[in-house]
1. For each of Glu80, Glu246, Glu96, count neighbouring Cβ atoms within 10 Å of the residue's Cβ, then give the residues from fewest to most.
2. Peptides 122-131, 160-169: what's the order by average Cβ count within 10 Å, highest mean first?
3. Where does each of Tyr474, Tyr407 land when they are ranked from fewest to most other beta-carbon atoms within 10 angstrom?
4. When we measure straight from the Cα of Lys471, which lysines land under 25 angstrom away, once same-chain ones fewer than 8 places off are left out?
5. Among Phe256, Ile345, Asn373, whose Cα lies farthest out toward the positive end of the dipole of the range 252-435, if unit charges sit on the beta carbon of Lys, Arg (+1) and Asp, Glu (-1)?
6. Please give every one of the aspartates and glutamates within straight-line cross-link reach of Lys182, meaning a C-alpha to C-alpha distance under 18 Å, and leave out same-chain neighbours fewer than 8 residues apart.
7. What are the ³J(HN,Hα) couplings of the range 411-423, residue after residue, when phi is run through the Karplus curve with 6.51, -1.76, 1.60 and θ = phi - 60°? Round to Hz, x for glycine and proline.
8. Just want to confirm a number: the relative contact order over the chain, from Cα pairs under 8 angstrom separated by 6+ residues, in percent.
Amino acid sequence: MTEIFVGGEWRQGRGPVLTSINPADGSVNAEFAGASAEDVADAVTRGHEAMNDPAWRDLRPHERARILTRIADGLESEIEAISILQTRDTGKTRGETTALAASAAGTFRYMAAALETLEDELTPPRGDYMTMSVHEPLGVIGAITPWNSPIASDAQKAAPALAAGNAVVLKPAEWTPLVSLKFARICETAGLPAGLLSVLPGQGRIAGDAIVRHPLVRKVSFTGGTRTGRHLATVAGEKLMPITLELGGKSPTVVFADSDIEHAINGVLFGIFSSSGQSCIAGSRLFIERGIYDEFLGRLVARARQLRVGPGEDPATQVAPLVHFDHRASVERYVDLAREEGGRILCGGARPDGTAHADGAYYLPTIIDGLANASRTCQEEIFGPVLVALPFDDEDDLVAQANDSVYGLACGLWSRDYQKVWRLARRIAAGTVWINTYKQFSISTPFGGFKDSGLGREKGRHGIRQYMQQKSLYWGLNEAPLPWAMPR
Ligand code: NAD
């Protein structure tokens, strides 16, 4: 029976049962009791004790960095095992899960290095005293992650939060609990003191809710859907607790007539169909300059039809199954909606034929056009292998359409005109703009969304500061009585 990691102790959860399935064939990977609200309370109490224990609290940055580096080493040495497990849990291709595991290791290594270089400040005094601004941990951090890239999003939150000296209570998503438990084992083996990390797979409304509301949890870092994020922000507001939100998207990808067309086709396909479209930053709204609309779309559709749909274990697979059968049903409902709204399904729009795919949660790469930008299909996040194509006339038309969205997570621009690209990159309301590339990520570069796509930024050196609070120190430099106390 799979155990959960509560305050440094492996034990049976006391919450509702979770089931992890392999979406490539529907087989059950694991079934076990998830975390209850009581498990959360134990984990938070233990985390609070552990972070205030001098054995952790008094570590100097380079000593804490050493532990983070050992976690990076542990992740690196287990990349293959993590990849196999994560492919089973999420359906993703082995290529992608290998990259995600490597990126988690890179995140810990980067945060260890960044931690050693962070400096406090000596600020200019305005009297006979010295002033300093120092940074301290916040408290226990609640990290709540979605199912689409577990190990990478776990590391993206845990590494900077631990670097800052906090304890972390991590809750992975219901459908994909296994790799986060493996992450807990790796941290334990690397010598992270007990209690500093708990991994509590469980239901959002039970374990997640208990984390966010616990008084000793002093910050939540959340990645997931906008609706959930908005709700958590209200709970955080009541507690006057900071919250970082990495939320949904409906990102525009823009192809100009002057782009390298072949390069753009590859980029557009990768931007939407890698991860089977289950990516917050998926380039799911394609804007094509009107003069090349039909030609570009024709070539794109022909290429999309050739993409290889199959199990994540097969090295030839480009589009793996969706994470869960329920999620495929949600994608199918959106394609039905697109039909009702008058969309033309240019390719896909169905499950693949044949017995090889019969048992898995597969869905064909789908391209739709003929819809207005205001349609629900063009405005709502589908989170699957579904691309909508729209024409645009000029820069102003493009900016108006691209920015006509509640989301503002990412954007891709394909053009050889660097001046035009510069103008547009600054006019598009998005947290990340890729120019002649897409879905590239670097831990050193801050990430986050505009508008309903989020609040706050993760990654980068200052990512550690997001998990700290500032304290001001005033040092008196002489013994003269303060003015008010002077004898009259
Ligand atoms: P979700 O919002 O349903 O769940 C995310 C996490 O929140 C899960 O762990 C879930 O159990 C938990 N949760 C749900 N209700 C909760 C509650 N009331 N209290 C506390 N926790 C609760 O999202 P999902 O379906 O797992 O993931 C898909 C979404 O995540 C998409 O919208 C996608 O765009 C977004 N996402 C965003 C980013 C980003 O960096 N911006 C990255 C990946 C995914």
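Since every read-out is calculated from the coordinates, none of them should be taken as a lab result. The structure displayed is predicted, hence computed values, not measured ones. Backbone-built Cβ (ideal geometry, glycine too); neighbour counts: all protein chains shown.
1. Exposure proxy ranking, most exposed first: Glu80, Glu96, Glu246.
2. 160-169, 122-131
3. Arranged by neighbour count, lowest to highest, Tyr474, Tyr407 become Tyr474, Tyr407.
4. Lys157, Lys219, Lys239, Lys459
5. Projecting each Cα onto the dipole axis, the largest value belongs to Phe256.
6. Answer for Lys182, where 18 Å is the Cα cut-off: Glu3, Glu9, Glu31, Asp73, Glu76, Glu78, Glu80, Asp89, Glu96, Asp154, Glu174, listed by chain and number.
7. Listing the rounded values in order: 7, x, 10, 10, 6, 9, 8, 5, 6, 5, 5, 4, 4 Hz.
8. Contact order relative to length: 18 percent.
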